[in-house]
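Notes for the one structure printed next.
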Amino acid sequence: MEDFVIARPIISAAEAAAMVKAGQVVQLGGFLGCGTPDDIVHALVAMNTGNLTVVCNDTGMLDPKTDRQTGVVPLVLNHQCSRVITSHIGTSSESQKQMFSGELAVELVPQGTLAERVRCAGYGLGGFLTRTGVGTEVQDGKQVIAVQGVDYLLELPLFGDVALIKAKRADKAGNLVYSKTARNFNPLMATACTLVIAEVEEIVEIGELDPDDIHTPFIFVHYLVQSKNGGRA
């Protein structure tokens with residue numbers, strides 16, 4: 001394997017953030033901050049790249065007592081998101097505030113549907129049928145298809161320009177291993193975007209990872225970032 005696998009470039013968080021352009025669709029891994037590439041997020045805040053459409057499970061958590069920020073919150077606070085496609089914003093008061101003011105467009109998608117839409121993009125599928133949301137606001141504007149007398153919604157793939165993901169370990173080829181529940185949206189997003197940048201806690205030599213432990217193969221990953229802050233990956 002070492003003879004034909006090319007090592008992926010290891011870049012800084014700032015270099016990774018510079019690859020994200022205004023107006024792009026960014027798929028950002030994590031579940032309430034678990035599995036979010038925090039170093040890249042903070043570097044992106046420093047870049048002040050705006051008008052982003054962010055695809056994420058949630059918009060993070062903002063603790064009003066301690067001002068602790070997790071997940072997407074720093075980007076929202078810095079007004080860099082024009083739109084989020086997410087399953088909920090209930091743990092981020094700033095997201096709610098911007099939604100009600102009209103500054104932030106919010107597309108709420110049932111969590112399982114959101115994950116499956118990302119998976120469809122990565123797996124080359126044209127969409128999928130689900131009963132989730134039938135007869136609710138989720139149905140608005142979507143095609144309803146009856147199968148054996150039962151109505152289903154046609155949900156379409158959700159592609160991204162850039163995936164910013166977080167892993168526990170990687171080898172220099174870009175094979176990724178996630179820790180426990182950080183295997184949430186990260187593996188799916190790695191397949192669904194044109195550019196994939198993985199922030200990683202530990203980077204080892206090619207061949208050191210057991211192939212049976214690898215969750216995301218190197219073919220999906222373009223750049224690695226060595227995490228400085230560790231975190232929940």
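The values are calculated or read from the model by the stated rules, or taken from the named source; none is laboratory data. This is a predicted model, so every value here is computed, not measured. In this analysis, Cβ positions are derived from the backbone assuming ideal geometry, glycine residues included, and neighbour counts consider all displayed protein chains.
Details
- Listed by position, the strands (runs of 3 or more DSSP E) inside the range 150-233 whose residues that are touching a Ser or Thr at 6+ places or on another chain (Cβ under 7 Å) and not hydrophobic (A, V, I, L, M, F, W, C) number at least 1 are 150-155, 160-171, 193-204.
- Screening Arg8 on (1) in contact with a strand residue (DSSP E or B) (Cβ under 6 Å, 6 or more places away or on another chain); (2) over 20 Å from Asn175 (Cα atoms) shows it passes everything except condition (2).
- Which numbered condition Met99 misses (of (1) under 28 Å from Pro157 (Cβ atoms); (2) in contact (Cβ under 8 Å) with a residue 12 or more places away in the chain): (2)
- Residue match in the range 7-18 (condition: within 11 Å of the chain's Cα centre (by Cα) and either hydroxyl-bearing (Ser, Thr, Tyr) or not in a loop (DSSP other than H, G, I, E, B) (or both)): no
- When we screen Arg183, Arg169 for residues that are within 19 Å of Asp58 (Cα to Cα), of a type in the set (D, E, K, R) and under 21 Å from the mean Cα position of the chain (by Cα), the only hit is Arg183.
- For the range 1-45, the set of residues classified as among the small types (Gly, Ala, Ser) and out of contact with any Phe, Trp or Tyr (no Cβ under 9 Å at 6 or more places or on another chain) consists of Ala7, Ser12, Ala13, Ala14, Ala17, Ala18, Ala22, Gly23, Gly33, Ala43, listed by residue number.
- Test: residue in the range 61-69 that is under 18 Å from the mean Cα position of the chain (by Cα), crowded, with 16+ Cβ neighbours inside 10 Å and of a type outside the set (Asp, Glu): yes
- Of all positions in the range 158-179, at least one carries a residue that is surrounded by fewer than 22 Cβ atoms within 10 Å (Cβ to Cβ) and modelled with pLDDT under 95.
- Criterion: over 27 Å from Thr113 (Cβ atoms) and small (Gly, Ala, Ser) - qualifying residue of Ser179, Ser227: Ser227
- Residue pairs meeting the criteria (Cβ under 7 Å; at least 6 apart or on separate chains; first free of Cβ contacts under 8 Å to residues at least 60 places away in the same chain, in the range 9-37; second among the acidic types (Asp, Glu)): Leu32/Asp58
For (1) in a helix (DSSP H, G or I); (2) modelled with pLDDT under 95; (3) surrounded by fewer than 24 Cβ atoms within 10 Å (Cβ to Cβ), each residue gets a yes or a no:
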| site | (1), (2), (3) |
| --- | --- |
| Met1 | no, yes, yes |
| Ala22 | no, no, yes |
| Val41 | yes, no, no |
| Val45 | yes, no, yes |
| Thr49 | no, no, yes |
| Thr53 | no, no, yes |
| Leu75 | yes, no, no |
| Ser82 | no, no, yes |
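- Breaking point among (1) within 15 Å of Val162 (Cα to Cα); (2) out of contact with any strand residue (DSSP E or B) (no Cβ under 9 Å at 6 or more places or on another chain), for Met19: (2)
- Inclusion of Gly90 among residues that are assigned to a loop (DSSP other than H, G, I, E, B), surrounded by fewer than 18 Cβ atoms within 10 Å (Cβ to Cβ) and within 22 Å of the chain's Cα centre (by Cα) is warranted.
- Residue match in the range 95-108 (condition: more than 30 Å from Ala146 (Cβ to Cβ) and touching a Leu at 6+ places or on another chain (Cβ under 7 Å)): yes
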